[in-house]
Amino acid sequence: MDGMDHSDLRSQLERFHGESYGWALRCCAQDPLEAQEVVQTAYLKVLDGRARYQGLAAFKTWLLAVIRRTAADERRRHVLRRLWLVKFGQRAEPPEPPESPDATAERTQLQALFRQALAGLPRRQREVLQLVFYHDLTLSEAALAMEVSVGSARTHYERGKAHLRQAPSPEERQRALQQKVEKVQEGVQRWQDEGRDPSPVAEIMQELEPLMKTGKLKQAEALLAKALKLLGEGK
């Protein structure tokens, strides 16, 4: 274990637990249950020696790489399990991840908007930007965690930054959303003037405020598009 006993390893795991879980969430498509399982499995690998720290990189860099490999292994197992179920005529119902509003509320709106921007990037670009911006890794350390060359990590990093710069700013997205909200309000008023029941649109719009407050702009845009489509069909 490169001179690290179980006590040292446990201390390091505790030190980086928050970052480990955050990285596992990203590797598990924001599924909190799967992320917890991946983190626990990765910790067991570290403590029982299946994953050995050789001191060739910083402990955090090495640990994030272990978590990424563990998440990939779990994904492969899930795919095989679903294929097996389908083969024998059973329906594989994916578990619905529970909402975690408390965890979301703790983050600032800016962080939420940044996550939304990251979500629109290709996977490799997403990973390297999270490792650099959220986990304070250098590009060389990020490359180790992603198990790619430094040149490849740098390419994904530069492309990801370029895509983020080209994306609309949070203020621009907020203004565009507000314009759509006003169009929905105008459509609802039109329905009322025509004696039509606007409650179907009102039910859709009830979900908008919590999405806006937590910075989930992509979901808010989809919701507004649904409301506008309904109003357009009612013309």
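Do any helices (runs of 4 or more DSSP H) lying entirely in the range 22-115 carry at least 1 residues that are among the hydroxyl-bearing types (S, T, Y) and at pLDDT 90 or above, and which ones are they? Talk me through it step by step, then tell me what you get.
Numbers: elements: 32-48, 59-87, 101-106.
Hits in the range 22-115: 32-48, 59-87.
Considering each residue of the range 127-150, count those that are within 17 Å of the chain's Cα centre (by Cα), touching a residue at least 40 places away in the same chain (Cβ under 8 Å) and farther than 13 Å from G22 by Cβ, and give that number. Quick ask: steps written out before the conclusion?
So the first thing to find is which residues in the range 127-150 are within 17 Å of the chain's Cα centre (by Cα), and the list is 127-135, 146.
If we keep only those that are touching a residue at least 40 places away in the same chain (Cβ under 8 Å) too, we end up with 127, 130-131, 134-135, 146.
In the following step, the residues that additionally are farther than 13 Å from G22 by Cβ were identified as 146.
Within the range 127-150, residues that are within 17 Å of the chain's Cα centre (by Cα), touching a residue at least 40 places away in the same chain (Cβ under 8 Å) and farther than 13 Å from G22 by Cβ number 1.
Can you tell which of L33, L9 is in contact (Cβ under 8 Å) with a residue 40 or more places away in the chain, buried (at least 17 other Cβ atoms within 10 Å of the Cβ) and farther than 20 Å from M146 by Cβ?
On the way: L33 fails: buried (at least 17 other Cβ atoms within 10 Å of the Cβ).
None of the others qualify; the one that does is L9.
From the list Q206, Q219, Q166, exactly one residue is exposed (fewer than 14 other Cβ atoms within 10 Å of the Cβ), out of contact with any Asp or Glu (no Cβ under 8 Å at 6 or more places or on another chain) and either of a type in the set (A, V, I, L, M, F, W, C) or at pLDDT 80 or above (or both). Which is it?
Values: Q219 fails: exposed (fewer than 14 other Cβ atoms within 10 Å of the Cβ); Q166 fails: either of a type in the set (A, V, I, L, M, F, W, C) or at pLDDT 80 or above (or both).
On inspection, the qualifying residue turns out to be Q206.
How many residues does the range 151-162 hold that are of a type outside the set (V, I, T) and either free of Cβ contacts under 8 Å to residues at least 24 places away in the same chain or surrounded by fewer than 17 Cβ atoms within 10 Å (Cβ to Cβ) (or both)? Give the derivation first.
First pass over the range 151-162, keeping only residues of a type outside the set (V, I, T): 151-154, 156-162.
Filter again for either free of Cβ contacts under 8 Å to residues at least 24 places away in the same chain or surrounded by fewer than 17 Cβ atoms within 10 Å (Cβ to Cβ) (or both), leaving 151-152, 154, 158-159, 161-162.
Going through the range 151-162 one residue at a time, the tally reaches 7.
The values are calculated or read from the model by the stated rules, or taken from the named source; none is laboratory data. These figures come from a predicted structure and were not determined experimentally. Glycine also receives a Cβ, built like all others from the backbone with ideal geometry; neighbour counts cover every protein chain displayed.
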